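Novice: The structure is given below, and queries will be raised subsequently.
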Amino acid sequence: MTIPLAKPDINDDDRAAVQSVLDDADGRLALGPRLSAFEAALAVASDRTHAVAVNSGTSALHLIIRSLGIGPADEVITTPYSFIASTNCILMEGATPVFVDIDPVTLCIDPERVAAAVTPRTKAILGVDVFGHPADWPALTSIADEHGLALIEDSAEALGSRLGGRACGSFGRAGIFGFYPNKQITTGEGGAVVTDDEALAASCRSMADQGRGDGGWLNHVRLGYNYRLDEMSAALGVSQVGRLDALVAARRRVAEAYLDALSGCERIVCPSVADDVDMSWFVFVIRLADACSREDRDRVLRALRADGIGCRDYFQPIHLQPFIQEALGTRRGDYPITEAVGDRSIALPFFPQMTADQVAAVVESLLCALQTLGDRCEV
Ligand SMILES: Cc1ncc(COP(=O)(O)O)c(C=O)c1O
């Protein structure tokens, strides 16, 4: 691809940080000072008292579900418009994901539908900050408090976003971030749990490290996993999180360039940001008009790719994934807003170093492809 869909922003400080781990005389490549430093910086960035850095956002979600004791008898209300991991973490513990449809503007889980889906078996609500835009955490908190449910924040895509001045990841009982290379900051692979709950943080930390207790290296007090983040990755994380404000600002600049160029276009819906949100943009996802079909969207994807432009049909609804349909009996028609959005969405190239010329090239190719769809495709 001439213009990739995503690209990490790695500078000389990042490179030096990783190299310094390898150069250290003590050869400490795991469970060392960089991990602690990364966790301390993440706690500050997310307005939390504890952060547990691990090897992926998926691991972080799994640790929270297990630490909360969610199991086969339990239901967790969640969104079908997300990356698969926010549902898989529930299935991993044998619990039942209960999907509810999304708000058509924020694309995050709709609190009214959440309230209506609570049953005696509901144990938790797992919301997602879709594409970096915060879910309606105040409304979700009220529902969770009213029914005595745990609120879990999947903020994998939202490090640096704020709602009413409060950091994403700071609202529920615990939240997570992801640090895959397309995220606002990266550690290669990586993720973190953030929480103010000391016992939950301790449980996550122990399970991420083979279920170790305080009794030493070969003392295991619970079922554990190896979800640890190594020192090279943590060092990269320390360097990257130190640049979080600059990285978020660079992404905002690209998003604004897209919005300037595309807001007047009648054939697409551009992403919108609520007034009380400080947005840390994860991706830039546009949507074709409701009159367009999935085939129209796929035709636009093909045209962009033919011009060397990286793009994706992002997200594909979780309830339509083959193994979820098999496991839960979900089918097309179950969540119409999610399907309408999922069928028409296109993630455009988006990364902090993207130049004005690259944005212009994407916009030109997109407008050209939209022309071929005809007038019925107007919003
Ligand atoms: C919403 C959401 N949740 C969870 C994850 C899982 O993170 P990871 O890929 O680090 O396991 C992702 C990753 O992209 C995500 O977008």
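Novice: Suppose we keep only residues that are open to solvent by 40 Å² or more (accessible area, probe 1.4 Å) and at pLDDT 95 or above within region 198-219. Which one would you say is nearest to the ligand (Cβ to nearest atom)?
Specialist: Top of the filtered list is Arg205.
Novice: Being in contact (Cβ under 8 Å) with a residue 40 or more places away in the chain and in a loop (DSSP other than H, G, I, E, B) narrows it down to one residue among Pro120, Pro104; which is it?
Specialist: On inspection, the qualifying residue turns out to be Pro104.
Novice: Suppose we keep only residues that are assigned to a loop (DSSP other than H, G, I, E, B) and either away from the ligand (no atom under 16 Å from the Cβ) or of a type in the set (Lys, Arg) (or both) within region 164-174. Which one would you say is most open to solvent (accessible area, probe 1.4 Å)?
Specialist: Among those residues, the one meeting the criterion is Arg173.
Novice: Among the residues of region 45-56, how many are within 15 Å of the ligand (Cβ to nearest atom) and open to solvent by 10 Å² or more (accessible area, probe 1.4 Å)?
Specialist: 2
Novice: For residues that are modelled with pLDDT of 95 or more, open to solvent by less than 60 Å² (accessible area, probe 1.4 Å) and outside any helix (DSSP H, G or I), tally how many sit in region 1-29.
Specialist: Qualifying residue count, region 1-29: 7.
Novice: Say whether the condition of being surrounded by fewer than 17 Cβ atoms within 10 Å (Cβ to Cβ) and under 24 Å from Ala85 (Cα atoms) is met by at least one residue in region 175-186.
Specialist: Yes, because at least one residue in region 175-186 is surrounded by fewer than 17 Cβ atoms within 10 Å (Cβ to Cβ) and under 24 Å from Ala85 (Cα atoms).
Novice: Here's a follow-up. I need the full set of residues from region 30-44 which are open to solvent by 40 Å² or more (accessible area, probe 1.4 Å) and either under 19 Å from Ser206 (Cα atoms) or modelled with pLDDT under 95 (or both), in order please.
Specialist: Ala30, Leu31, Pro33, Arg34, Ser36, Ala37, Ala40
Novice: Moving on. Quick one: is Ser161 open to solvent by 40 Å² or more (accessible area, probe 1.4 Å) and out of contact with any Leu (no Cβ under 6 Å at 6 or more places or on another chain)?
Specialist: no
Novice: What are the pairs with Cβ atoms under 6 angstrom where one residue, in region 362-375, is touching a residue at least 60 places away in the same chain (Cβ under 8 Å) and the other, located anywhere, is open to solvent by less than 10 Å² (accessible area, probe 1.4 Å)? Sequence gap at least six, or different chains.
Specialist: From residues that are touching a residue at least 60 places away in the same chain (Cβ under 8 Å), the pairs are Val362/Ile309; Val362/Leu348; Val362/Pro349; Ser365/Leu304; Ser365/Ile309; Ala369/Val300; Leu373/Asp296.
Each row is one residue, and each column tells you yes or no for (1) at pLDDT 95 or above; (2) surrounded by fewer than 21 Cβ atoms within 10 Å (Cβ to Cβ); (3) within 16 Å of the ligand (Cβ to nearest atom); (4) part of a strand (DSSP E or B).
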| site | (1), (2), (3), (4) |
| --- | --- |
| Thr58 | yes, no, yes, no |
| Val76 | yes, no, yes, yes |
| Pro80 | yes, no, yes, no |
| Arg113 | yes, yes, no, no |
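Novice: Does Ile90 meet the test of being farther than 29 Å from Val238 by Cβ, buried (at least 19 other Cβ atoms within 10 Å of the Cβ) and without any contact (Cβ under 8 Å) to a residue 40 or more places away in the chain?
Specialist: Yes; evaluated as a whole, the condition is true for this residue.
Novice: Tell me the residue from Glu157, Glu153 that is in a strand (DSSP E or B) and within 18 Å of the chain's Cα centre (by Cα), please.
Specialist: Glu153
Novice: Give the residue, chosen from Gln353, Gln358, that is open to solvent by 40 Å² or more (accessible area, probe 1.4 Å), over 19 Å from Asp101 (Cα atoms) and in contact with a Pro (Cβ under 9 Å, 6 or more places away or on another chain).
Specialist: After ruling out the rest, the residue left standing is Gln358.
The values are calculated or read from the model by the stated rules, or taken from the named source; none is laboratory data. Since this is a predicted model, take the numbers as computed values, not measurements. When we count neighbours, we look across all protein chains shown, and the Cβ atoms used for this are built from the backbone with ideal geometry, even at glycine. What goes into the accessible areas is simple: the full protein's heavy atoms, side chains included, and nothing from ligands, DNA or RNA. Shrake-Rupley method; radii C 1.70, N 1.55, O 1.52, S 1.80 Å.
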